[in-house]
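*Asks:* Can you read through this structure? Questions will come right after.
Bear in mind these aren't lab numbers, they're just calculated from the coordinates by the rules spelled out. Nothing here was measured: the structure is a model prediction, and the numbers come from that model. Here the Cβ positions follow ideal geometry from the backbone for every residue, glycine too, while neighbour counts run over all protein chains shown.
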Amino acid sequence: MTTIDRGPAGHGDVISAHTSPEFIRLRHRLRTFVFPVTGLGLAWYLLYVVLGDYAHGFMSAKVFGDINIGLLFGLAEFVSTFVITGAYVRYAARRLDPIADRIRADLEAGA
């Protein structure tokens, strides 16, 4: 077996870990969250860019004082980034980390 087939400091067989049902379930759970949320985040950003380019009247409409809808959309981009990050951290702690911990423990036990 080559060093590529084994983890750091000889920790378990990485190839068999990648084909294990646990790792496959981990990847599936990760993709179940990441792909839809990434798509929604990109769509939200694209909406902001398209409105900024083609809906000048709408985006420059004053909401209060010098604050307009475009500025609120821009600030909402930052807020949505933090919300997505928080949702991912919560999702990972509940659905991904327990599986990853079991995989890691199995690899370390096989060393």
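*Asks:* To the nearest 10 degrees, how steeply does helix 97-109 sit against the main Cα axis of the chain, on a 0 to 90 scale?
*Replies:* Taking Cα atoms only, the helix is inclined about 30 degrees.
*Asks:* Each residue of segment 33-48 in turn: what ³J(HN,Hα) in whole Hz from Karplus with 6.51, -1.76, 1.60 and θ = phi - 60°, glycine and Pro shown as x?
*Replies:* 8, 5, 5, x, 5, 4, x, 5, x, 5, 5, 4, 5, 4, 4, 4
*Asks:* Can you work out the Karplus-derived ³J(HN,Hα) for every residue in segment 73-83? Use 6.51 cos²θ - 1.76 cosθ + 1.60 with θ = phi - 60°, whole Hz, and x for glycine or proline.
*Replies:* Couplings: 4, x, 5, 5, 4, 5, 4, 5, 4, 5, 5 Hz.
*Asks:* Just grab the label-to-label distance for V14 and A92, each label 7 Å out from Cα along the Cβ direction, in nm (one decimal).
*Replies:* According to this spin-label approximation, the distance is 2.0 nm.
*Asks:* Using amide H atoms built 1.01 Å from N in the peptide plane, name the residues 5+ places from N68, or on other chains, whose amide H lies under 5 Å from its own.
*Replies:* V63
*Asks:* Now, a different point. Assuming 0.36 nm per residue, please report the length gained on full extension of the stretch V50 to I24 beyond their Cα-Cα distance.
*Replies:* Value of the extension gain: 5.6 nm.
*Asks:* In percent, what relative contact order does segment 8-109 have, based on Cα pairs under 8 Å that are 6 or more apart in sequence?
*Replies:* Values: 49 pairs, mean separation 46.4, N = 102.
Value for segment 8-109: 46 percent.
*Asks:* If you don't mind, there's one more thing I want to ask. Give me the Debye-computed log₁₀ of I(q)/I(0) at q = 0.10, 0.17, 0.21 Å⁻¹ for the chain, equal point scatterers on Cα only, no solvent, two decimals.
*Replies:* Ignoring solvent entirely, the Cα scatterers give -0.51, -0.87, -1.07.
*Asks:* Treat each spin label as a single point 7 Å out from the Cα along the C-beta direction, and report the K62 to T85 distance in nm.
*Replies:* Using points 7 Å along Cα→Cβ, the separation is 3.4 nm.
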